[in-house]
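Enquirer: Okay, handing you the structure first.
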2 protein chains.
Amino acid sequence: MKMIRSIKEMSGFSAEARARGKKIGFVPTMGALHAGHLSLIRKARRDNDLVVVSIFVNPLQFGPAEDFRKYPRNSAVDAWLCRREGVGVVFSPGAKEMYGAGHRTFVEVAGLSDGLCGSFRPGHFRGVATVVLKLFNIVSPDNAYFGAKDAQQAAIIKKMTADLNLPVRIKVLPIVRDADGLALSSRNRYLDRLQREQALCLFRCLREASRMVRAGERDLSRIKEVARRLISVCPQAEIDYIEIVDPLTMLPLKSISKGKCLIALAVRIGKTRLIDNITLDVK
Amino acid sequence: MKMIRSIKEMSGFSAEARARGKKIGFVPTMGALHAGHLSLIRKARRDNDLVVVSIFVNPLQFGPAEDFRKYPRNSAVDAWLCRREGVGVVFSPGAKEMYGAGHRTFVEVAGLSDGLCGSFRPGHFRGVATVVLKLFNIVSPDNAYFGAKDAQQAAIIKKMTADLNLPVRIKVLPIVRDADGLALSSRNRYLDRLQREQALCLFRCLREASRMVRAGERDLSRIKEVARRLISVCPQAEIDYIEIVDPLTMLPLKSISKGKCLIALAVRIGKTRLIDNITLDVK
C-alpha cells in the first residue's frame, strides 16, 4: 500500500494507473475509519482495479464553533485498516497542501445546501462540495463511494457531479449500524456510556416514523410529533431538526404520496451532534 | 473538421483522443470569431495535436439587462474560419444541453471577481467560471487559451484552475488590435462609424497613462485624472471604471512601485460596453 501526501504525486500516480487501463475507485474520508467506511472500501475493491482512500479532516467544512480541532484522528489505525482491506493508496495531504495561500475558489450547490444540516451549519456543504471537487480532480477516479448516512451530502455530491459534467460515477451505499441500531459515525467516539444509550433514540424514532407511514399514516405533523416525543424523553437529547423530505431535492414534503421519501434528523446528545435517516418507498 | 453538439459525444471524443496519446488544445469562445480568437487557435495548433474550439453564448454570464439576445451569432462563418485554421472539433452545445433542468451548481472565485467588471456585472464571473469549469470537464484539454483583453477573466480562470487542482495549463495571449489600436472584440460590430472612431479613446487613454508611468509619474490620481479627461472628450463615451491594479489580485494599487501593474478600463460608447487594458513592467 502506498502512502501519499503530495497532490502532485497523487495525481501523477492516478494518471499513470489510468494510462495502464486501471479503473480507480475512490473513498474520500476524514479518517477515524469505522465499519461504514470499510463497507465503502470493500465495494470499491469489488468494482475497480485500484482503490484510493483519502484521509483529510477538511477545515473548510467546519464552522468556527465546531469540532475541527478535536475531531478524532488516528492515522496509524486507519492505515492498518486500509492495508488489511487491500487499499492501493492512502492519500492524506496536509491542510496547507490542499489550501495553499490565498485559496479563494468555492463550489456551491444552491438550494440543496440550504435546508436540514445546511441551515444549522452555514458554509458546511460549500466546504464539502469544494473539497470533494478538488479530490476528484486530484485522484480522477472512475467511481466514488459515499455513505447514505450523510444523505444531504450525497445528494449534493451527485448534483454537483451531474451539473459540472464530472467524469465520475457516484455510488451511495447503505448506512451501517451497530447491532442495537446506532448508525456508525466517527463522532460516536465522543459519547460516554450513558450518552451512547440515549443516542439510540435517533434510530428508534426513525423506526417508529416509518412504521407509522407503512401503517398508512399520512399526516406529516402527526408523524413528526410522535418522532419529537420519542427524542424528548431522553434528557440529554436536543433536536436540531426532524424532517420528511424529497430525497432528490431535500425539500420538505407537503404530503406523503407514492414514491420515495426520506426521514432525516439531527440530534445533539450532550455536545455531540448526530445525524441519521431512513428512506421509505411508499406504495 | 468535426462539428459536435452533444456533451456525451464531445467527452467521448476527447477521452478517445487522449487514450491515443493526443495532446488537446482548447479555445473556449462565444463565437463571432475575430483575429483575436484566431491568434489563440493558431497558438493552440502549434502546441497540441488536436484543437477543440467551443462556441457557446453562455446565458449564465449575462445580466438581465445585458445583450445576451442580440450578442452576434454567425455559426456558418465561425465554422468556415475554424476549418481554415485546422481546428479538429467545433463543440457548440445548446443552452439546454449545457444547463439541464434544475442546474444549480456554481463556482465562485471570491475577491478576484468583486472589483472592475465584477462590480458592474454582478454574477458575470460566476457564470464565466462555472461554464469554463464545465467545458474543461467535458473537453478535458491539456492546454486552454484565453485572450489578455479579458484580463480579469484570465486571472479568475487561472486562480480557479490552481485552486481546484484542474489538470489544465492556462495560456493567456496578448491582445490583438486593429491597425488604429482598437482592441478586437465581438462587440465592436455594434459600433456605427462615428462610434468606431470614438472607441479609439480607450487605447489612446491607455497609451497616455503608460507613457506617464514610463516618464516617471507615480501619482495614481494624476494618471487617472488625465485618463478620464481623454475619455470625456468623446461625447458618446461613458466611463464605467479606469483602474490601476495588481495583475494577480485585481486589487487597486495604493502606489506604483517596481513590478507589474495593469491599467484597465471599461467604457460605454453609446450602448456598447468596451473593455481594454495594458500591462506595464515598472523598473
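Enquirer: Percent antiparallel among DSSP beta bridges with both residues in chain A, to the nearest 5?
Expert: On the way: 21 of 40 bridges.
Within chain A, antiparallel bridges account for around 50 percent of the total.
Enquirer: What does the convex hull of the Cα atoms of segment A:128-171 come to per residue, in Å³, rounded to a whole number?
Expert: Cα convex hull per residue, to the nearest whole number: 61 Å³.
Enquirer: Further question on the same structure: Could you work out the helix-only [θ] at 222 nm for chain A, with each DSSP H run of four or more residues adding -39,500 (n - 2.57) and the total divided by the number of residues, to the nearest 500 deg cm²/dmol?
Expert: -11000 deg cm²/dmol
Enquirer: Now for a separate question. Output the Kirkwood hydrodynamic radius of segment B:1-104, Cα pairs only, in Å rounded to one decimal.
Expert: Working: mean 1/r = 0.0688 Å⁻¹.
Averaging 1/r across every pair of different Cα atoms and inverting gives 14.5 Å.
Enquirer: With N denoting the number of residues in segment B:182-234, provide Rg(C-alpha) divided by 2.2 N^0.38 Å, to two decimal places. Intermediate results must be reported in sequence, preceding the final value.
Expert: Working: Rg = 12.9 Å, N = 53, 2.2 N^0.38 = 9.9 Å.
In units of the 2.2 N^0.38 Å rule of thumb, it is 1.30.
Enquirer: In whole Å, what is the distance between the alpha-carbon centres of segment A:217-283 and segment A:21-58?
Expert: Comparing the Cα centres of segment A:217-283 and segment A:21-58, I get a distance of 29 Å.
Enquirer: Please state the charge dipole magnitude for the protein assembly as shown, taken about the Cα centre, from unit charges on C-beta atoms (+1 on K and R, -1 on D and E), reported in debye and rounded to the nearest 20.
Expert: In debye, rounded to 20, the protein assembly as shown gives about 860.
Enquirer: Right, next: Run the reach check for B:Lys70 against aspartates and glutamates, Cα to Cα strictly under 15 Å, same-chain hits fewer than 8 apart removed. What comes back?
Expert: In chain and number order, there are no partners.
Enquirer: Which lysines, if any, have their Cα less than 21 Å from the Cα of A:Lys43, not counting same-chain residues under 8 positions apart?
Expert: Output for A:Lys43: A:Lys2, A:Lys22, A:Lys23, A:Lys149, A:Lys158, A:Lys171.
Enquirer: Classify segment B:129-283 as rounded, prolate or oblate from the Cα gyration tensor: take a ≥ b ≥ c as the square roots of its eigenvalues, call it rounded if a/c is under 1.5, otherwise prolate when a/b beats b/c and oblate if not.
Expert: It is oblate, given that a/c is not under 1.5 and a/b is not larger than b/c.
Enquirer: From Cα pairs below 8 angstrom and at least 6 apart in sequence, can you work out the relative contact order of chain B, rounded to a whole percent?
Expert: This gives 17 percent for chain B.
Enquirer: Now, a different point. What residue in chain B has the Cβ closest to the axis turning B into A, and how close is it in whole Å?
Expert: Taking Cβ atoms only, the nearest residue and its distance are B:Val107, 3.
Enquirer: Working only with C-alpha atoms, what are the Rg and Dmax values of chain B, expressed in angstrom?
Expert: Cα only, chain B: 19.2, 58 Å (Rg, Dmax).
Enquirer: Any chance you could get the radius of gyration and Dmax over the Cα atoms of segment B:73-189, in Å?
Expert: Using the Cα atoms of segment B:73-189, the pair Rg, Dmax is 15.6, 46 Å.
Enquirer: Among the aspartates and glutamates, which fall within straight-line cross-link reach of A:Lys254, defined as a Cα-Cα distance under 12 Å, with same-chain neighbours fewer than 8 residues apart omitted?
Expert: Qualifying aspartates and glutamates at Cα under 12 Å: A:Asp219, A:Glu243, A:Asp246.
Enquirer: P(r) tail for segment B:99-143, what percent of Cα pairs lie past 12 Å? Spell out each step's value before the answer.
Expert: Details: 642 of 990 pairs.
The share of Cα pairs beyond 12 Å in segment B:99-143 comes to 65 percent.
Enquirer: If I take the Cα coordinates of the protein assembly as shown and project them onto the principal axes, what are the three extents in Å, biggest first?
Expert: 80, 48, 48
Enquirer: Report the normalised scattering of segment B:186-278 as log10 I(q)/I(0) at q = 0.20, 0.24 Å⁻¹, calculated by the Debye formula with identical scatterers on the alpha carbons.
Expert: -0.91, -1.19
Enquirer: For segment A:1-68, what is the relative contact order in percent, using Cα pairs closer than 8 Å and at least 6 residues apart in sequence?
Expert: Over segment A:1-68, the number comes to 31 percent.
Enquirer: Sticking with this structure for a sec: Using θ = phi - 60° and the Karplus form 6.51 cos²θ - 1.76 cosθ + 1.60, what ³J(HN,Hα) does each residue of segment A:244-249 get, whole Hz, x for Gly and Pro?
Expert: 10, 10, 6, x, 8, 8
Enquirer: Using only the C-alpha atoms of segment B:212-251, find the volume of their convex hull and express it per residue in Å³.
Expert: 84 Å³
Enquirer: Report the net charge of residues surrounding A:Gly86, where surrounding means a beta-carbon distance below 11 angstrom and charges are Lys +1, Arg +1, Asp -1, Glu -1.
Expert: +4
Enquirer: Also, quick follow-up: Based on DSSP, what percent of beta bridges with both residues in the protein assembly as shown are antiparallel, to the nearest 5?
Expert: The antiparallel proportion sits near 55 percent.
Values quoted throughout were computed directly from the atomic coordinates according to the rules given, and no laboratory measurement underlies them. Just so it is clear, the model here is predicted, and its values are computed rather than measured. FYI the Cβ positions are ideal-geometry reconstructions off the backbone, even for glycines, and counts take in every protein chain you see.
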